[in-house]
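Please read the structure below before turning to the comments.
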Amino acid sequence: MSVKGETLIQVENLEKAFGKTKVLKGITTEIHKGEVVVIIGPSGSGKSTFLRSLNLLEKPTGGKIFFEGTDITDPKVNIDNHRQKIGMVFQHFNLFPHKTILENITLAPVALGKLSSSEADAKAKELLNRVGLLDKANTYPEQLSGGQKQRIAIVRALAMDPDVLLFDEPTSALDPEMVGEVLDLMKELAKDGMTMVVVTHEMGFAREVGTRVMFIDEGIIKEENSPKQFFDEPKDSRLQDFLRKVL
Amino acid sequence: MIYGALLASNSFADRFYQNFIEDNRWLMLLNGLKVTVIVTLEALLIGIIIGFIVAIIRSYHDKTGKFTILNAVCKVYLTVIRGTPSMIQILIMYLVVFGSSSLNSIIIGGIAFGINSGAYVAEIVRSGIMSIPEGQTEAGRSLGLSYAQTMRLIIMPQAFKNVLPALVNEMIVLIKETAIIGYIGEQDLTKAAMVIQSRTFDALLPLLAAAVIYLALICLLTFFMNKLERRLRNNER
């Protein structure tokens, strides 16, 4: 396991139940600065629930999550302050349809007083330029392709200067020919040292970009390892079975 | 007055003269229209404020399970107001709640209609909030926005756009509903037409005039609301 930097997120025995159904049955792991942790697993395994627990979009029913040293599962903690540092990218983009692309990006930094509106505009344009979508600044999300929408969603998250980015199946809702442009952008971010936790079915991305790959099944981490060992010498029998099917 | 009765079967010009020109009776209609408009605006303002507050409390409760008592109060309010005739509500407001107060009946009427309208607005707005996909809230909250900021900046603008036609519908109903304010002694447009009729013994013209004025008022409202709706929609393309 490659440990690059200080611990950013520490998860201790995380549990989540929806009613009587236990989805997460005790997950313990750490995410370090600069890591790209790729989570794979069959559908219904709890991998998305785990990811969504990291910024408390799902409220854990047991265990603790420390983000930069603070236990964010403590009800006394104001989660909004920590979420500013935890960016999230969704499967269905979730851009704001009533706002222009530029407004989508500047809304949060301005509303939260992080940037003045002119600073936010400048930053948004710089980011848009970087992803090659500057000409879309004043259009509305509806006019964009799926791949463009997802790149904007990534830019929107980046505009908050997050310490970590969570990706919840970012390419699963895309037409095949648009998957590449989103993965390329994610690759670039990884190269720049962004800490990322990615739930995906893109095995190529996991192998090439991931610093650690995690297999979640039946609500627990069945195996985690460096991509090479994970894919070439899987130990868990469920993982062996899974990889046989998807590779 | 007697002449009125005698002349009732006369030519249209004579009837028009008696009903609207003689004794400046058109002024009664104009003053009645003023009362109708004032009461409607009052009720609209109160109704929208109550409606949005109730809708937000109810959807906040649905999402988080908090505000149990407030939510229960809102539910009782909705049940009672929607389950009883507005006629009874306005009479209770006038004769019981403000029975011993010297408050102007235009204000009492506006309050009664506002409380009534609020119940309908609340459910319209709540349906609008529910029509916005959960992902919008999640996107807002994941950026660090509070529940209130997410509501104000992301959910409400979209919800408002979705429910505008239903809100316009409620406004139209409200305008016409104010016609019962005559029962608490206020001379609105409908009552003015009745008063003219009682003086000239001609029912057709004053009632027709009142109907045309209501129609014009509502067409005007619809026109501007359609414009607003189009402008809001244009924003997305």
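The values are calculated or read from the model by the stated rules, or taken from the named source; none is laboratory data. It should be emphasised that the depicted structure is a prediction, and the values quoted were computed from it without experimental measurement. Quick reminder, even Gly has a Cβ in these numbers, built from the backbone with ideal geometry, and neighbours come from all protein chains shown. The protein model used for the area step is the full one, side chains on, heavy atoms only, and it has no ligands, DNA or RNA in it. Shrake-Rupley method; radii C 1.70, N 1.55, O 1.52, S 1.80 Å.
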Determine if segment A:201-222 includes at least one residue that is open to solvent by 30 Å² or more (accessible area, probe 1.4 Å), more than 21 Å from B:G135 (Cβ to Cβ) and of a type in the set (A, V, I, L, M, F, W, C). yes
Does segment A:126-141 contain any residue that is at the interface with chain B (Cβ under 8 Å from one of its Cβ atoms), out of contact with any helix residue (DSSP H, G or I) (no Cβ under 6 Å at 6 or more places or on another chain) and open to solvent by 20 Å² or more (accessible area, probe 1.4 Å)? yes
Restricting attention to segment B:132-144, which residues are more than 18 Å from B:A159 (Cα to Cα) and either outside any helix (DSSP H, G or I) or open to solvent by 10 Å² or more (accessible area, probe 1.4 Å) (or both)? B:L143, B:G144
Assigned to a strand (DSSP E or B) and either within 22 Å of A:A137 (Cα to Cα) or in contact with a strand residue (DSSP E or B) (Cβ under 6 Å, 6 or more places away or on another chain) (or both): is that true of A:V213 in this structure? yes
Verdict on A:E35 being within 24 Å of A:L158 (Cα to Cα), open to solvent by less than 40 Å² (accessible area, probe 1.4 Å), within 12 Å of chain B (Cβ to nearest Cβ) and acidic (D, E): no
Every residue in segment B:68-96 that is among the β-branched types (V, I, T) and within 15 Å of B:I111 (Cα to Cα), please. B:I81, B:I88, B:I90, B:I92, B:V96
Selected residue [open to solvent by 30 Å² or more (accessible area, probe 1.4 Å), on the phi > 0 side of the Ramachandran plot and touching a strand residue (DSSP E or B) at 6+ places or on another chain (Cβ under 7 Å)] from A:E15, A:E6, A:E68: A:E68
So which residues in segment B:155-209 are within 16 Å of B:E22 (Cα to Cα), open to solvent by less than 30 Å² (accessible area, probe 1.4 Å) and of a type outside the set (S, T, N, Q)? B:A192, B:A193, B:V195, B:I196, B:D202, B:L205, B:P206, B:A209
Tell me which of these A:G34 doesn't satisfy, since it passes every other one: (1) farther than 15 Å from A:M196 by Cβ; (2) in contact with a Ser or Thr (Cβ under 8 Å, 6 or more places away or on another chain). (1)
For segment B:218-235, does any single residue satisfy the condition of being within 14 Å of chain A (Cβ to nearest Cβ), more than 21 Å from B:M28 (Cα to Cα), among the hydrophobic types (A, V, I, L, M, F, W, C) and open to solvent by less than 70 Å² (accessible area, probe 1.4 Å)? yes
Determine if segment A:98-110 includes at least one residue that is within 9 Å of chain B (Cβ to nearest Cβ) and among the aliphatic types (A, V, I, L, M). yes
In segment A:71-90, anything surrounded by fewer than 22 Cβ atoms within 10 Å (Cβ to Cβ), at the interface with chain B (Cβ under 9 Å from one of its Cβ atoms), in contact (Cβ under 8 Å) with a residue 12 or more places away in the chain and not aliphatic (A, V, I, L, M) is listed as A:H82, A:Q84, A:K85
Residue list for segment A:147-160, filter: open to solvent by 10 Å² or more (accessible area, probe 1.4 Å) and without any contact (Cβ under 8 Å) to a residue 60 or more places away in the chain: A:Q148, A:K149, A:R151
Keeping to segment A:108-125, report how many residues are closer than 30 Å to A:K47 by Cβ and either touching a Pro at 6+ places or on another chain (Cβ under 6 Å) or buried (at least 23 other Cβ atoms within 10 Å of the Cβ) (or both). 2
Kindly establish whether B:L174 is at pLDDT 95 or above and of a type in the set (A, V, I, L, M). yes
Tell me, please, whether a residue that is surrounded by 15 or more Cβ atoms within 10 Å (Cβ to Cβ) and either small (G, A, S) or under 29 Å from the mean Cα position of the chain (by Cα) (or both) can be found in segment B:3-12. yes
Please find, within segment A:43-56, the residue that is nearest to the other protein chains (Cβ to nearest Cβ) out of those that are in a loop (DSSP other than H, G, I, E, B) and crowded, with 21+ Cβ neighbours inside 10 Å. A:N55
